[in-house]
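Student: So that we are looking at the same thing, I have put the structure below in structure tokens.
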Amino acid sequence: MQSKELNHFQCKCYLVACEQTRRALIIDPERTHVDRYIGMLAYDGLQLQAIVDTHTHADHLSGSDLLHALTGAPVMMHDSAPSPRVARHVRDGDVIEVGRGSLKVLHTPGHTPDSVSLFGDGRVFTGDVLLIGGTGRADFAGGDAGQQYDSITQKLFALPDETLVFPAHDYRGNTVSTIGDEKRHNPRLGGRSRREYIDLMASIEFPLLDKIQEVLQPNQTAIDDDEMKFPSLAQLNEVRQLNPRDVHANRESKAPPVLVDVREADEFHGDLGHIPGSQLIPLKDLPAHIEELRPHAADHIVLVCRSGVRSTTAAAILTAMGFSEVSNLKGGMLAWNQLKLPVER
Ligand SMILES: [Fe+2]
């Protein structure tokens, strides 16, 4: 396999290709550069086999949907990724084929819960978990410095020392490193214990990202529509989160909540199923269907989705529209299924 970086900027996108079959994979495409990627594929005579986002990005709009629409190649992300536009959810140990070659999926959470690294043919694409001489920030929602330390020290540093490291970002003009060099020289990690690493990450004042919700929520929801008014971070933080057991207990009480599932129809009837009695209103259709929910404006409404991210957006929208008792199913249908609570398909 051969690989090259396509953006030539701080934010990295990689093309991985099998020379024999001319089949290729694109990792972390950026929306603004999709025409460049299409041109590059055509110039090199490559057929796009798959698109992978290493995680839900907060700093740029993902180009995955557009690239999928233009090429038909499926989008792959970790099982916990919130986006509805993922054709294949991957887990730790899964293999993604690229022609006759392949990349192994390593689940490396910490920067985000859905972060994966891809390892194969002497190289590893580390997303924003391990950077060259640094590590990705762990202060966004779902970030966890302790998990990040474990991902790096137990999974990435277990790879052969000579493995080439290709991160999703670099701010200093580096293009490649090795696992051995990062083990020896990465200043964030160098000899630190897990506790020391967590304390270090907590002490760093990362810059606030401009318009983070304007980027994050389209990436989380696959809604890229100027009509959609996404809630602010403050509104999202105010959403009451109910764990699955509490929602299940509420369902069996004398005053069961109104359950509104905001996924797409194929997900509602897909592998994870849906909670019996829930009603389907995909998030992108929610603003147009608010009036249907008006009779329940004073009732307890619980919003449901795959991982609990899109439904938090939906809950904040309903609250802003004057619904008085709105909650979110924390962890979504992934958490519901893990507890083997009842589902219909
Ligand atoms: Fe990131």
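The values are calculated or read from the model by the stated rules, or taken from the named source; none is laboratory data. Computed from a predicted structure; not experimentally measured. A quick note on method: Cβ atoms are made from the backbone with ideal geometry, for glycine too, and the neighbour counts reach across all protein chains shown. Surface accessibility is based on the protein's heavy atoms, side chains included, excluding ligands, DNA and RNA. Shrake-Rupley method; radii C 1.70, N 1.55, O 1.52, S 1.80 Å.
Student: Only one of (1) open to solvent by 20 Å² or more (accessible area, probe 1.4 Å); (2) more than 16 Å from the ligand (Cβ to nearest atom); (3) assigned to a loop (DSSP other than H, G, I, E, B) fails for PHE9. Which number is that?
Tutor: (2)
Residue by residue, here is whether (1) more than 22 Å from the chain's Cα centre (by Cα); (2) at pLDDT below 95; (3) open to solvent by 70 Å² or more (accessible area, probe 1.4 Å) holds:
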{"residue": "GLU267", "(1), (2), (3)": "no, no, no"}
{"residue": "HIS300", "(1), (2), (3)": "yes, no, no"}
{"residue": "GLY308", "(1), (2), (3)": "no, no, no"}
{"residue": "LYS330", "(1), (2), (3)": "no, no, yes"}
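Student: If you don't mind, another one. ARG85: of a type in the set (Lys, Arg), within 13 Å of ALA222 (Cα to Cα), open to solvent by 40 Å² or more (accessible area, probe 1.4 Å) and more than 16 Å from the ligand (Cβ to nearest atom), yes or no?
Tutor: yes
Student: Next question. Would you mind stating whether ASP261 is over 19 Å from the mean Cα position of the chain (by Cα) and open to solvent by 80 Å² or more (accessible area, probe 1.4 Å)?
Tutor: Working: over 19 Å from the mean Cα position of the chain (by Cα): yes; open to solvent by 80 Å² or more (accessible area, probe 1.4 Å): no.
Considered against the rule, which asks whether it is over 19 Å from the mean Cα position of the chain (by Cα) and open to solvent by 80 Å² or more (accessible area, probe 1.4 Å), ASP261 comes out as no.
Student: Say whether the condition of being part of a strand (DSSP E or B), away from the ligand (no atom under 16 Å from the Cβ) and more than 17 Å from the chain's Cα centre (by Cα) is met by at least one residue in the stretch 53-75. Walk me through how you get there before you give the answer.
Tutor: Residues of the stretch 53-75 that are part of a strand (DSSP E or B), as a first pass: 62, 75.
If we keep only those that are away from the ligand (no atom under 16 Å from the Cβ) as well, we get 75.
Within this subset, residues satisfying the condition of being more than 17 Å from the chain's Cα centre (by Cα) are none.
Within the stretch 53-75, none of the residues are part of a strand (DSSP E or B), away from the ligand (no atom under 16 Å from the Cβ) and more than 17 Å from the chain's Cα centre (by Cα).
Student: Moving on. Let me confirm something: among SER3, SER62, which residue is polar (S, T, N, Q), open to solvent by less than 40 Å² (accessible area, probe 1.4 Å) and closer than 25 Å to THR313 by Cα? Even if it seems obvious, please write down each step before you answer.
Tutor: Numbers: SER3 fails: closer than 25 Å to THR313 by Cα.
Unique residue meeting the criteria: SER62.
Student: Still on this structure: State all residues of the stretch 179-231 that are modelled with pLDDT of 90 or more and polar (S, T, N, Q); if no residue qualifies, say none.
Tutor: Within the stretch 179-231, ASN186, SER193, SER203, GLN217, ASN219, GLN220, THR221 meet the criteria.
Student: Within the stretch 56-91, can you find the residues that are over 21 Å from PRO282 (Cβ atoms) and β-branched (Val, Ile, Thr)? Reasoning before the result, please.
Tutor: So in the stretch 56-91, the residues over 21 Å from PRO282 (Cβ atoms) come out as 57-60, 63, 67, 70-73, 76, 78, 90-91.
Answer for the stretch 56-91, where residues must be over 21 Å from PRO282 (Cβ atoms) and β-branched (Val, Ile, Thr): THR71, VAL90.
Student: Can you tell me which of GLY72, GLY45 is modelled with pLDDT of 95 or more, over 19 Å from SER115 (Cβ atoms) and out of contact with any Lys or Arg (no Cβ under 7 Å at 6 or more places or on another chain)?
Tutor: Values: GLY45 fails: out of contact with any Lys or Arg (no Cβ under 7 Å at 6 or more places or on another chain).
Just a single option satisfies the conditions, and that option is GLY72.
Student: Just the residues that are open to solvent by less than 10 Å² (accessible area, probe 1.4 Å) and not in a helix (DSSP H, G or I), please, taken from the stretch 37-52.
Tutor: The answer is ALA50, ILE51, VAL52.
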